[in-house]
Amino acid sequence: MIWPSWRRLGAVRPQAWGQRLDKPGAMALQERHLLICGPEPAADWQCLHTLLVSAAVVGLCRPEEEAVLREALSPGWRHQGGRAERLCHGDTRPLLSTGAQGAVVVGSGGSRGQRRWCLQPLDHLQWAAQALVGWPGGVCSPGRGTLPLDLAGLANPLPLHHVSGLMPPLRSQALGIPHRFLPRRQWRDRTQRPSLRGWGLVLVPSQLQWLMGATGGVDWLRQFSCCWVGGAPLAPALRQRARCSGLNLSPCYGSTETSAMVTALAPQQFLAGAEGYGLPLPHVALRSVSVSGVPGGLEIRTPVLTPGFLVEGHLLPLPLENGWWRTTDSARLEPHGLQVLGRLDEAINSGGETVFPEEIEAGLVGLDGLEAVLVVGVEDVHWGQRLVALYRGTVAVAVLEKAVSGRPPAQRPKQWLRCPRLAPNAQGKWERRRWRAWAEGNGPYGS
């Protein structure tokens with residue numbers, strides 16, 4: 001099944017910032033910089049903006065990842081740590097055959113203990129930002145078409161070194177509206193949360209969950225005309241709580257490789273009860289294909305796909321098949337939007353059936369006393385892989401078992417291990433291999 005773009009931007013790309021420094025016929029040079037992002041994202045953004053205007057390539061990371069990024073970027077790049085430049089010899093050969101142009105290098109993945117460093121040219125990011133102009137005007141709701149959002153501005157509590165935090169200032173430029181970074185101390189402190197009625201907000205599910213449980217958090221969220229939520233699965237219980245609270249959520253799907261979101265559900269549809277992650281944005285086509293006998297492998301075609309990943313200073317191209325990039329997600333393409341089932345590389349074969357652990361976890365999130373849950377597959381003579389659920393919190397095992405009792409036998413965990421240290425990594429991703437090893441080493445009781 002193929003989902004073509006349902007709306008087109010036209011053949012002209014968005015205009016680039018500033019003036020290009022390379023001249024026709026001249027050897028294009030491309031300075032490379034390393035920007036260590038700190039607690040003041042607005043100041044980091046000003047530094048990044050200046051570098052991108054000069055057609056530089058800028059690697060973005062938090063301080064803890066500097067050594068890892070340096071290894072990927074080697075040979076030496078100019079360093080912008082703390083925005084005080086420390087010069088070192090840098091390679092100025094263009095990374096792309098198209099010549100000098102601004103670009104960023106941002107981290108992708110992390111769920112399997114690996115970080116990949118993704119190159120995204122500035123014109124890709126700008127093109128993706130332009131896709132929100134007029135959104136969601138082409139979506140049909142009962143009785144009439146959905147009107148485009150009229151936002152007063154964009155608020156951004158996400159870090160600049162993640163593509164989801166990098167895109168809002170670019171989107172604000174495309175939409176012609178203000179942009180405001182919201183440092184952690186501001187949105188978490190009730191007394192410092194600003195009044196932003198009619199603005200748009202970008203969030204990850206963990207931030208949404210925290211705000212909905214904090215004093216005054218729901219009232220603060222109600223003022224936003226649209227809250228895009230992405231970066232991780234949005235649990236059904238959290239969706240329903242947000243819907244019952246009247247929050248204008250827009251669950252969205254995307255990745256670093258695709259310049260952030262490629263689908264988004266209109267807030268009106270969310271409040272009306274629609275599930276999933278919405279229809280593709282105008283620069284995107286989706287299709288669902290069979291992978292190794294498992295139906296529903298999601299593939300994406302868009303002109304803003306990353307050219308590739310940096311490894312020791314070399315660009316490794318993104319693997320494509322006739323322009324399509326195969327993700328690791330299993331999905332269904334339905335008339336009202338994208339339904340993501342889970343990651344194919346984390347699917348579990350239990351009793352001859354393919355099980356997506358994210359589906360089981362999503363059905364448990366929201367139980368009283370359950371702080372975190374992760375389902376893994378442990379090798380088993382009878383089942384092939386035995387489902388084991390790790391959990392953190394005070395919830396009783398009997399409550400957990402009852403919550404999955406309506407699922408097929410292959411989707412019911414055979415063991416429940418209490419794990420007080422269970423948590424995702426610094427990128428908010430679950431390191432399933434690590435926790436599977438923990439489950440294998442802790443027997444039927446855990447610790």
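The values are calculated or read from the model by the stated rules, or taken from the named source; none is laboratory data. Model, not experiment: these values are computed from the prediction. Using ideal geometry, Cβ is built from the backbone for each residue, glycine included, and neighbour counts are taken over all protein chains shown. Just the protein is used for accessible areas: all its heavy atoms, side chains included, with ligands, DNA and RNA removed. Shrake-Rupley method; radii C 1.70, N 1.55, O 1.52, S 1.80 Å.
Given R₀ = 41 Å, FRET efficiency for GLN46-GLU440 by Cβ-Cβ distance, to 0.05? Working shown, then result.
Details: r = 49 Å, r/R0 = 1.19.
The computed FRET efficiency comes out at 0.25.
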*Farthest toward the dipole's positive end in the range 331-381, which of VAL373, THR354, LEU333, given Cβ charges of +1 (Lys, Arg) and -1 (Asp, Glu) about the Cα centre?*
LEU333
*asked:* For a protection proxy built on the mean count of beta-carbon atoms within 10 angstrom, sort 394-403, 173-182 highest first, please.
replied: 173-182, 394-403
_Descending semi-axes in whole angstrom, ellipsoid equivalent of the range 151-194, from the Cα gyration tensor_ = 20, 14, 5
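Compare the peptides 185-195, 339-349 by average per-residue count of other Cβ atoms within 10 angstrom and give them in order, highest first. Each step should come with its number before you reach the end.
On the way: 185-195: 12.6, 339-349: 19.4.
Ranking, from highest mean packing down: 339-349, 185-195.
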_Pair ASN322, ALA152: separation of 7 Å Cα→Cβ label points (nm)_ = 4.9 nm
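Over the range 356-433, average the accessible area per residue using a 1.4 Å probe and give it in Å², no decimals. The partial results should precede the final answer.
Values: 3800 Å² over 78 residues.
Heavy-atom accessible area per residue stands at 49 Å².
If a/c stays under 1.5 just call it rounded; otherwise compare a/b with b/c (prolate if a/b is bigger, oblate if not). Do that for the range 334-402, with a ≥ b ≥ c from the square roots of the Cα gyration tensor eigenvalues.
Details: a/c = 2.35, a/b = 1.09, b/c = 2.17.
Cα axes put the range 334-402 in the oblate bin.
In debye to the nearest 20, how big a dipole does the range 286-423 give about its Cα centre with +1 on each Lys and Arg Cβ and -1 on each Asp and Glu Cβ?
That gives a dipole near 240 debye.
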*Using a Förster distance of 60 Å, how high is the FRET efficiency between ASP189 and ARG332, based on the Cβ-Cβ distance and rounded to 0.05?*
0.90
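Sorted by accessible area with a 1.4 angstrom probe, largest first, how do ASP44, ASP329, ASP219, ASP150 fall?
Values: ASP44 0, ASP329 25, ASP219 105, ASP150 135 Å².
Largest accessible area first, the residues go ASP150, ASP219, ASP329, ASP44.
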*Relative to the present Cα-Cα distance, how much length would full extension add between MET212 and ALA232 at 0.36 nm per residue of separation?*
5.5 nm
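Highest mean first, how do 264-274, 125-135 rank when packing is the count of other Cβ atoms within 10 Å averaged over residues?
Working: 264-274: 20.1, 125-135: 21.9.
Answer by packing, highest mean first, reads 125-135, 264-274.
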